[in-house]
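For reference, the structure discussed in these notes is given below.
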Amino acid sequence: MIRLSAGTAACLGLNGAKMDYYPTTAYLLAGSRCLMNCSFCPQGTSHGHNPAGSRLGRISWPGYKWDKVKKVLTKARQQGVERICLQAVRHTDGIIKIQRHLAKIRSCSDLPISVSAWISSVDDAGELLDSGAERIAISIDVVNPDAFRIFKGGQQENRIRLLLRCAEKYPGKISTHLICGLGESEKEMLSIINSFVSAGITVGLFAFTPLKGTDLEKWVSPRIAVYRRVQIGYYLLNRGAASFDNFLFSGEKLISCGLTENHLKKTLADGLAFRTSGCPGCNRPYYNEHPGGDIYNYHYPPGNEQISAATKESGLLKQYSYSTPRAEVNKC
């Protein structure tokens, strides 16, 4: 048995759901209960069988028998799928079960595979790469060290140290996930992004999504202005179009990327800053958003009006600058 995101199941014809945009990555989830107890995630053992237990982000993950999944994965490329993402909860067997799943996927598909899982060492990453993974994601998730200890448990510096060591040994093959809206400041978020970009680590940026049944179900998603500034900062750093040393902050809020307004608008005109970030081919439709609400990560190429609106939402252009009520900020 393996779980697929509802969108992946629809894309591969396993359910009758219709979507305006289908995922360009097939998302698979191995395991049912995680040894971790992250406050924002319903997969932890302490959360029991709560209403959100079948979800990650806003997405539900129904289970399917492997024989049925393997059959549709053979035709996934024809459905516009560019990559397979195998996500796994943390369990007592370490990476052994993940390796078994990789073998099954490899037996029916030649698509590149990303693995997002708890690994304990650089050797674990190497074994997963040897077993057929093309990329490994070691999720940091929570940027602020104190919030990390509260929401995930353990010492953030240990996980970052492992992430950097893996990136050094396996250049171009390591990713991480960061969640905006878990008690960090904009300066903290962009500082850690800068360090990861400098180390050649691919960052998948997420917006915090409150889920019923989790410890943070009453928290709010990040303000769209905050998220846009973080998106823009990450995009400029990742492209080498700006330097973190030239970023200007007022307190902890980004107020300038060190570019003229005209230069900034031209650099953002392709809309890529506002697209889903992460591994190549990853678009995660509606992972953080409600259809009809704010779109944090565009899972399709935004049009000129959407690009213009997203740029204005950042408040980085003087003629559109505005302040946002502080009451909406999540604090630990």
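Placing unit charges on the Cβ atoms of the charged side chains and taking the dipole of the chain about its Cα centre, the candidate lying farthest along the positive direction among Q79, I232, A207 is Q79.
Give me Rg over Rh for segment 82-145, both radii from the alpha carbons and Rh done the Kirkwood way, two decimal places.
Values: Rg = 11.9 Å, Rh = 12.1 Å.
So for segment 82-145, dividing Rg by the Kirkwood Rh gives 0.98.
Close amide H contacts of C180 (hydrogens built in the peptide plane, cut-off under 5 Å, sequence separation of 5 or more or a different chain): F206, A207, F208. Per-residue Karplus couplings for segment 131-143, computed as 6.51 cos²θ - 1.76 cosθ + 1.60 with θ equal to phi - 60°, are listed in order as 8, x, 6, 9, 9, 10, 10, 10, 6, 8, 6, 9, 7 Hz, Gly and Pro entered as x. Here the peptides 96-105, 175-184 are ranked by packing, the mean other Cβ count within 10 Å, and the order with the highest first is 175-184, 96-105. Over segment 108-169, the pair-distance histogram of Cα-Cα distances with 10 Å bins from zero comes to 21, 46, 25, 7, 0 percent, rounded to whole numbers.
Output the direction-averaged projected area (hull surface divided by four) of the convex hull of the alpha-carbon atoms of segment 152-209, in nm².
So the mean shadow area of the Cα hull is 4.1 nm².
In sequence order, segment 269-277 has phi-based couplings of 5, 7, x, 5, 4, 9, 7, 4, 9 Hz under the Karplus curve 6.51 cos²θ - 1.76 cosθ + 1.60, θ = phi - 60°, and Gly or Pro positions carry x. Think of it as helices only: each DSSP H run of n ≥ 4 in the chain is worth -39500 (n - 2.57), and spread over all residues that comes to -9000 deg cm²/dmol at 222 nm. Here, segment 193-242 has an Rg and a Dmax of 13.8, 42 Å when only alpha carbons are counted. The Cα atoms of segment 135-281 define a convex hull whose projected area, averaged across directions, is 9.3 nm². Of all DSSP beta bridges confined to the chain, the antiparallel ones make up roughly 25%.
No value in this document is a laboratory result; all are computed from the given coordinates. Because the structure is a prediction, the values reported are computed rather than measured. Heads up, the Cβs are rebuilt from the backbone with ideal geometry, glycines too, and the neighbour counts pull from every protein chain shown.
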